[in-house]
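Below is one structure, written out as structure tokens, with a few remarks after it.
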Amino acid sequence: MRIGIISDTHNQHYPLRPALKQLRRRGIGTLLHAGDVTNVATLELLRPFDTWIARGNMDRDPGLLQAAAEFFGPQRMQMTHDLHINGTRLALLHGDAWQTLHDLISSQEYAYVIHGHTHIPKDDRVNATRVINPGAMGNTRWYSATCAILDLSTGDMEWLEF
């Protein structure tokens, strides 16, 4: 099973729109968003996917939690998710709470810990845990906008750049 991973959209619908179009074209049905959605209009764009969202430090819009529940189901936007997808255990969080991020990684209970916040793409391994940051879709400054596709069956990951 392949999943899409994005983060830090910050209301930037371009390049988010072409990224989502590319993910749909590649048959991605499940999307993990590692936080900083920042507004309900961005959630609207994610509706075609089975979406899980980590609440980021910029997710202050009071309508986000209710919209996420309406669009994707209850508890779909939380500070930290403990997910089991296709038999694989993943943690999803934004990453601004560094101690929580460190504790999840060092627990070695997760095959993957997925986070955002830094806007810098990363794919590291800490013992048995793979730590992935898909980069950012918005406010990328001198970096390209990036997201990723992760194959949970093989561990292969493909980076998409916009």
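Quick note: the coordinates plus some simple rules give every number you see, no bench work behind them. Keep in mind that this is a model prediction, so the values were computed, not measured. Positions of Cβ are generated from backbone atoms using ideal geometry, with glycine treated the same way; all protein chains shown enter the neighbour counts.
Explain nothing, just compute: Karplus ³J(HN,Hα) = 6.51 cos²θ - 1.76 cosθ + 1.60, θ = phi - 60°, for every residue of the range 84-101 in order, whole Hz, x for Gly and Pro.
10, 10, 6, x, 10, 8, 10, 10, 10, 8, 6, x, 6, 8, 4, 5, 4, 4
Where does the Debye-calculated log10 I(q)/I(0) of the range 90-137 sit at q = 0.30, 0.31, 0.33 Å⁻¹, using only Cα point scatterers of equal weight, no solvent?
Reported log10 I(q)/I(0), two decimals: -1.18, -1.23, -1.33.
Give the percent of DSSP beta bridges with both residues in the chain that are antiparallel, rounded to the nearest 5.
Details: 20 of 36 bridges.
Once the DSSP bridges in the chain are tallied, antiparallel ones form about 55 percent.
Taking the Cα centre of the chain as origin and charging only Cβ (+1 Lys, Arg; -1 Asp, Glu), how large is the dipole, in debye to the nearest 20? Can you show the working numbers first?
Numbers: 15 positive and 17 negative charges, 82 e Å.
Using only the charged Cβ atoms, the result is roughly 400 debye.
For ASN127 and GLN22 in the same chain, what is the full-extension length gain: residue separation times 0.36 nm, less their Cα-Cα distance, in nm?
34.6 nm
What's the magnitude of the charge dipole for the range 84-162 around its Cα centre, counting Lys and Arg as +1 and Asp and Glu as -1 at the beta-carbon? Answer in Debye, nearest 20. Walk me through the numbers on the way to the answer.
On the way: 5 positive and 9 negative charges, 24 e Å.
It comes to approximately 120 debye.
Give a residue-ordered list of calculated ³J(HN,Hα) values for the range 40-55 (Karplus: 6.51 cos²θ - 1.76 cosθ + 1.60, θ = phi - 60°; whole Hz; x for Gly, Pro).
Here the 3J(HN,Hα) series is 5, 4, 5, 4, 4, 5, 8, 4, x, 10, 7, 10, 10, 10, 8, 6 Hz.
What are the residues whose amide H is under 5 Å from the amide H of THR51, where those residues sit 5 or more places off or on another chain and H is modelled from the backbone?
Under 5 Å from the amide H of THR51 lie the amide H atoms of LEU31, each far enough along the sequence or on another chain.
For n ≥ 4 DSSP H runs only, could you compute -39500 (n - 2.57) per run for the chain, divide by its residues and tell me the 222 nm figure to the nearest 500? The partial results should precede the final answer.
Details: 4 runs with 39 residues, N = 162.
Taking each H run of at least 4 residues, the total per residue is -7000 deg cm²/dmol.
Suppose we take every Cα in the chain and form the convex hull; what volume per residue is that in Å³? Numbers along the way, then the final one.
Details: hull volume 15.8 nm³, N = 162.
In the chain, the Cα hull volume divided by residue count equals 98 Å³.
With θ taken as phi - 60° and the coefficients 6.51, -1.76 and 1.60, list the Karplus ³J(HN,Hα) couplings across the range 117-129 in order, rounded to whole Hz; mark glycine and proline as x.
So the Karplus estimates, Gly and Pro as x, are 6, 7, 6, 10, x, 8, 9, 10, 10, 10, 6, 8, 9 Hz.
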